[in-house]
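Written below as structure tokens is the structure these notes are about.
The values are calculated or read from the model by the stated rules, or taken from the named source; none is laboratory data. Model, not experiment: these values are computed from the prediction. No Cβ is skipped: glycine too gets one built from the backbone with ideal geometry, and neighbour counts run over all protein chains shown.
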Amino acid sequence: MIAGMAPGDLNKVLFCNSGSEAADTSLKVALAYHRARGEGHRNIFIGREKGYHGVGFGGMSVGGIPANRKVFGTSLLPRVDHLRFAHDPANAYYNGVEPQSNEDFLLELENRILPLHDASNVAAIIVEPVAGSAGWYVPPQGYLKRLREICDKHGILLIFDEVITGFGRLGTNFGADFYGVVPDMLNFAKAVTNGVIPLGGVICRDKLYDAMMKTEAPEHVIEFFHGYTYSGHPVACAAAIATLNLFKQDNLFQRAGEMGKVLGDAFHSTFKGLPNVVGIRSLGLAAAVELAPIAGSPGKRAYDIFVDCFKKGALVRPAGDVLVIAPPYIVEKSHIDTLVNTLADSVKAHA
Ligand SMILES: Cc1ncc(COP(=O)(O)O)c(C=O)c1O
């Protein structure tokens, strides 16, 4: 079912139990794939500043949120670099579209990172199509297409971490569909079971499977020494089958796209001009309002607002000085109004 929903030749699914395991699994597939092709020297990974790929050592290493890394610094993977954060503060307001930017955020990849390490040593680049945990930052127009082209040019695998964007959040099956860019691996978790039973996975392109599985090795030899006791757990798979059937039956991805427009419009009409607001971003069924930090206490204002909203029955997510809302696909306009108005009252009260 999952392969049938995924774009291009993303046809082979390796199951695990979480987004963190999906991140580590995808990095290990990248190493094993290159080695199977006689390019074992390709062992450098490139993540992105403010990226989030979970809490395993692999995901933490390619991740770019400092707080998730700082006390574990000595134990991170050694051969990792990071793309710069793909956000232009000069274009901090966008509603349901990819932002414009005059900056070329991938120039540094071509001019510094790849020459420094030599592209022939790079195994994979991993990014979230939209930076979720950092606070819903959408890359500028054309960014992911160009990243795909650069990876192709240098034989580098491109991994999309779609733990948040996968299964409908952008109104399409995957972020890859929204952007028209097919990665070599696509990591998923969360929405595949409606987030209530642990299931994650990595969808791989046929070429990865073929290079590792269609070999001369005898039948009894295990090709890829990786897997978890609970990979493909029957309960989790049953939950996924039920969830995916409901998504389809109730047309929930389309609904997510439609309600995303309602959410985006509500954010822009309500928060624009409120005190301390420095950015409003929406794409798919998620939206963020960014506030100026309190000098010397970054994150405090958003945290206080989160607590305030929670007490009033509205769950909003603080991420640094950003507040994010990503409601379930069955959300009604009245719920959006309640969430946005509660949040707006609180933003005004914490001016
Ligand atoms: C993009 C992304 N990758 C990985 C993870 C980690 O997933 P988990 O918490 O299931 O390990 C998350 C969790 O929020 C995520 O947003």
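Points worth noting:
- Some residue of the stretch 16-27 being under 16 Å from Y209 (Cβ atoms) and crowded, with 19+ Cβ neighbours inside 10 Å: yes
- The stretch 149-190, subset of a type in the set (A, V, I, L, M, F, W, C) and part of a helix (DSSP H, G or I), residue nearest to A236 (Cα to Cα): A176
- Qualifying residue in the stretch 13-26 (condition: closer than 22 Å to L147 by Cβ, outside the structural domain of G279 (by TED's automatic domain parsing), hydrophobic (A, V, I, L, M, F, W, C) and within 16 Å of the ligand (Cβ to nearest atom)): yes
- Count of residues meeting criterion [free of Cβ contacts under 8 Å to residues at least 60 places away in the same chain and either closer than 17 Å to T243 by Cβ or within 11 Å of the ligand (Cβ to nearest atom) (or both)] in the stretch 195-217: 3
- Every condition in (1) more than 28 Å from D206 (Cα to Cα); (2) of a type in the set (S, T, N, Q); (3) touching a Phe, Trp or Tyr at 6+ places or on another chain (Cβ under 6 Å) is met by N91 except one, and the failing one is (3).
- Scope the stretch 39-62; condition within 9 Å of I126 (Cβ to Cβ) and part of a loop (DSSP other than H, G, I, E, B); matching residues: G51, H53
- Every pair of residues 6+ apart whose Cβ atoms lie under 9 Å, when the first sits in the stretch 142-163 and is not assigned by TED's automatic domain parsing to the domain that holds N43 and within 16 Å of the ligand (Cβ to nearest atom) while the second is β-branched (V, I, T) and outside any loop (DSSP other than H, G, I, E, B): none
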